Amino acid sequence: MFNLPDAKPLNAVTNAWIVKELLTLSVVVVLYSLWTHSTLSHPKQNLSTSAPSPSLLTPSALSSQSTQQPIPSSPRLADHKELRRNSTPAASQKSDFGFIWMSVPKNYRESHDDGIFTGLLLGPLIASGLLVSALRSSAGLSSFSSILPEGWLIEAPAELHNSQKSYTALEALVQSRYSLVDLATFCSTILLLQVCASWWLESRYLKLGNTKEGERASVPRSEGRRSWYYIVFTLSVSIGSVGFKALLQHQRYGIWQHLNYLEIIYSALFFQFTLYIAIRLAHRGFTLGELGLVCFGGTALSMEFLNITIARIWPVTTPFIKTYRLPTPLLIFQMALIVGSFLTGFLLSPFLVLSRHVAQRPVRRLRFPQEKERHRRYLALGFYVGTVIVVGGLIGMWTRWCLVRRDPWLWVIFWILEGKHKWTRPALLAYWGSLGCLSVAGWNRQLARSRRYRPRNSTGENLIVPGVLDPSSSQALEPVAGSTASAAPSPSSGGSGSALGIGMTFPTLPALPNLPNGAHMSNVATDLLDAANKHVPTLGLNARRKFFHALAVVMFIPGVAFDPAFTHLSFSAAFALFTFTEYVRYFAIYPFGAMVHLFMNEFLDHRDRGTAILSHFYLLTGCAGSLWLEGPSQLLQFTGILTLGVGDAMASVVGKRIGLHRWSPTTSKTLEGSIAFTLSIFACAWALRLFGFVGGFSTIRYIVVVGISSVLEALSDQNDNLTLPLFMWSMLVLADV
């Protein structure tokens, strides 16, 4: 795969070490899986009771044992009934789940598998796809634009010419992607080391019979002690990684040879602290596999940010700009938008934490209850002003510095007018804005109706307002009828004590006199509109979620087809906007926090039971990843949109309506849905080819890769919005479709 015909002898040796590195990791992961599924990994417990230890149960099994559903410490007040219905807890004891150091099962999302293969192998698979793509381009082509498909209207990538050996942009890209493969295997090794160390420590505690301190015997209840143990372990692993790197270099082994000591220590610290921070902030939001993949992506982005900065500050210290994509203005703006949004949250964390703390505390527990709203306003003002200062000052100045003293705001304005025609990019912005406004307005209307009437639909889904009624009570689960009485009392009701159709009365409401004819006619018109609304069907949860998959197709296909470079930047801006929106929701920033939370709460399923809502990030990343990875063919850049917008939606519809043959007893995915997934993506790819949006491709290899992806979609319990497009993109590159 890596030994290309035109490869130089030195590159052939390097490629051989890369192959050995990947094969070694794969073999170790397989051995780990065999070990965890064998009886050798199940220590005998010295317990007085026959009940299984909580440390050996999956997150879903733990939740099924509890008689009362735990309430997450998030702004969410109640969960949907459907969340409990769709989550199928594992009733049996399972001991093959892995955990990072000082974490417990309740920190992870409920799932039937921990996703260890995803966390350990998908990152190296993506890095291998990027490396193979660069090697193929460098073997036969020399210009920088050859690494990108046609239609990318962006200026040439930056190069360094102050070193003894000058690298072209494509040569620098190849060397950088060698480093990316090393980084991927290094992060996977650290993740596996954390999981194995957690296994080892837990087994020692179980042999002693000490199970008094929590879900896992080796993890103390005290958050302070957990944090200190994790910090000590992280520092030990980081120092040990540097020593192991020195040993490999002394023995002249080529493993991790493209990572210098600064990158080793930085990536080890950053990756491990990101693991812990993510599992704490996004409580019950990740499986182990999703956590490892997301933290690897964050580490790679931060490494690009660091290397760009180093190349600007000390250009003599590096022969080339070590970025894993071409160092064009698109990459610089992506660093400013995505890395900058997380940096803003870190710098303004005191305002965010205090805002969440004040919003969560009951008024009766405050010393000055009347000051609560004032404090929330001041904290929100501090956050908004601080955001403007950080974005306009720190991040803006960094972007200007990387653009060689060009103003980033003016650059974006002029670049918008530099499309194929001056009107194409403004037209795309208007098109996206119109669809976004219409969809939000339409959903506000739809959700308002579903909150008022809440009919029980044919699938058994019950639409309730989170936090209004207790979901555990039977009253909260009954459909509501006659809610129009809440708008105005019936003339025959007498006014004050009339039932409002939701089982509540308002005895303090005075009796209202008969209104004049004009007002009475207005009330009649309102009642008629409300009665008509009752007969308009409301959408179930699955239909609501799949609507956004279809919206992604309608919104993004024109942008990717006509101006992929501009869509690349727009995706980065959308991700930053989502990040700030989640800040507002998660930390209850006044005055939009509750509004955003109530809107997003209507689209949550069993995978969004954590404190952070991640589905929209996954959907955006899945669609945008095919562009952000900058593949060499036009077909590759449509992969995410076709996978999620077409294939996943068709698999869901066909599987629910005509699916009969399930893949396994633990999943609802059917063989018919997988066939629909494969055929729908293949048909859309051919349609794009017929319309001239993509070039020629191998039909056999493409349908084989899509078929393999459909099996992964059916059998994996990971969030397919994140994992499936990245897996399919990597396989298409490796298969040379």
Looking at the structure I just gave you, is Arg364 over 30 Å from Phe99 (Cβ atoms), surrounded by 15 or more Cβ atoms within 10 Å (Cβ to Cβ) and modelled with pLDDT under 95?
no
Going residue by residue through the stretch 403-417, is there one that turns out to be among the aliphatic types (A, V, I, L, M), farther than 25 Å from Asp563 by Cα and assigned to a helix (DSSP H, G or I)?
no
Using beta carbons and a limit of 8 Å, which pairs, at least six apart or on different chains, have the first residue in the stretch 184-196 and touching a residue at least 12 places away in the same chain (Cβ under 8 Å) and the second one among the aromatic types (Phe, Trp, Tyr) and outside any helix (DSSP H, G or I)?
Thr185/Trp256; Phe186/Trp256; Gln194/Trp101; Val195/Phe99
2 or more residues closer than 26 Å to Leu381 by Cα: qualifying helices (runs of 4 or more DSSP H) within the stretch 565-660:
593-601
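Give Leu724, Leu712 a once-over and let me know the one that is assigned to a helix (DSSP H, G or I), surrounded by 21 or more Cβ atoms within 10 Å (Cβ to Cβ), under 26 Å from the mean Cα position of the chain (by Cα) and not small (Gly, Ala, Ser).
Leu724
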Looking at the stretch 321-359, which of its residues are of a type outside the set (A, V, I, L, M, F, W, C) and without any contact (Cβ under 8 Å) to a residue 40 or more places away in the chain?
Ser349, Pro350, His357
Can you confirm whether Ser668 is more than 23 Å from the chain's Cα centre (by Cα) and outside any helix (DSSP H, G or I)?
no
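Quick check on this structure: which one of Val404, Val391 is under 29 Å from Leu153 (Cβ atoms), modelled with pLDDT under 90 and aliphatic (A, V, I, L, M)?
Details: Val391 fails: modelled with pLDDT under 90.
Criteria check complete, one pass: Val404.
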One residue is enough: does the stretch 377-398 have a residue meeting the conditions touching an Asp or Glu at 6+ places or on another chain (Cβ under 7 Å) and under 25 Å from Pro564 (Cα atoms)?
no
Test: Gly386 is touching a helix residue (DSSP H, G or I) at 6+ places or on another chain (Cβ under 8 Å) and assigned to a helix (DSSP H, G or I)
yes
If a residue must be free of Cβ contacts under 8 Å to residues at least 60 places away in the same chain, touching a helix residue (DSSP H, G or I) at 6+ places or on another chain (Cβ under 8 Å) and within 21 Å of Asn307 (Cβ to Cβ), how many such residues does the stretch 397-423 contain?
2
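May I ask you to list the residues in the stretch 186-234 that are of a type in the set (Lys, Arg) and assigned to a helix (DSSP H, G or I)? Explain how you work it out, then say what you get.
Keep residues of the stretch 186-234 that are of a type in the set (Lys, Arg), which gives 204, 207, 212, 216, 221, 225-226.
Hits for the stretch 186-234 are Arg204, Lys207, Arg225, Arg226.
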Looking at (1) part of a helix (DSSP H, G or I); (2) touching a Pro at 6+ places or on another chain (Cβ under 9 Å); (3) over 21 Å from Leu343 (Cα atoms), which is the one condition that is false for Val237?
(2)
Give me a count of the residues in the stretch 254-279 that are farther than 17 Å from Thr118 by Cβ and either among the hydrophobic types (A, V, I, L, M, F, W, C) or out of contact with any helix residue (DSSP H, G or I) (no Cβ under 8 Å at 6 or more places or on another chain) (or both).
12
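The values are calculated or read from the model by the stated rules, or taken from the named source; none is laboratory data. This one's a predicted model, so the numbers in the text were calculated from it and none came from an experiment. Note: ideal-geometry Cβ built from the backbone for every residue, glycine included; neighbour counts use all protein chains shown.
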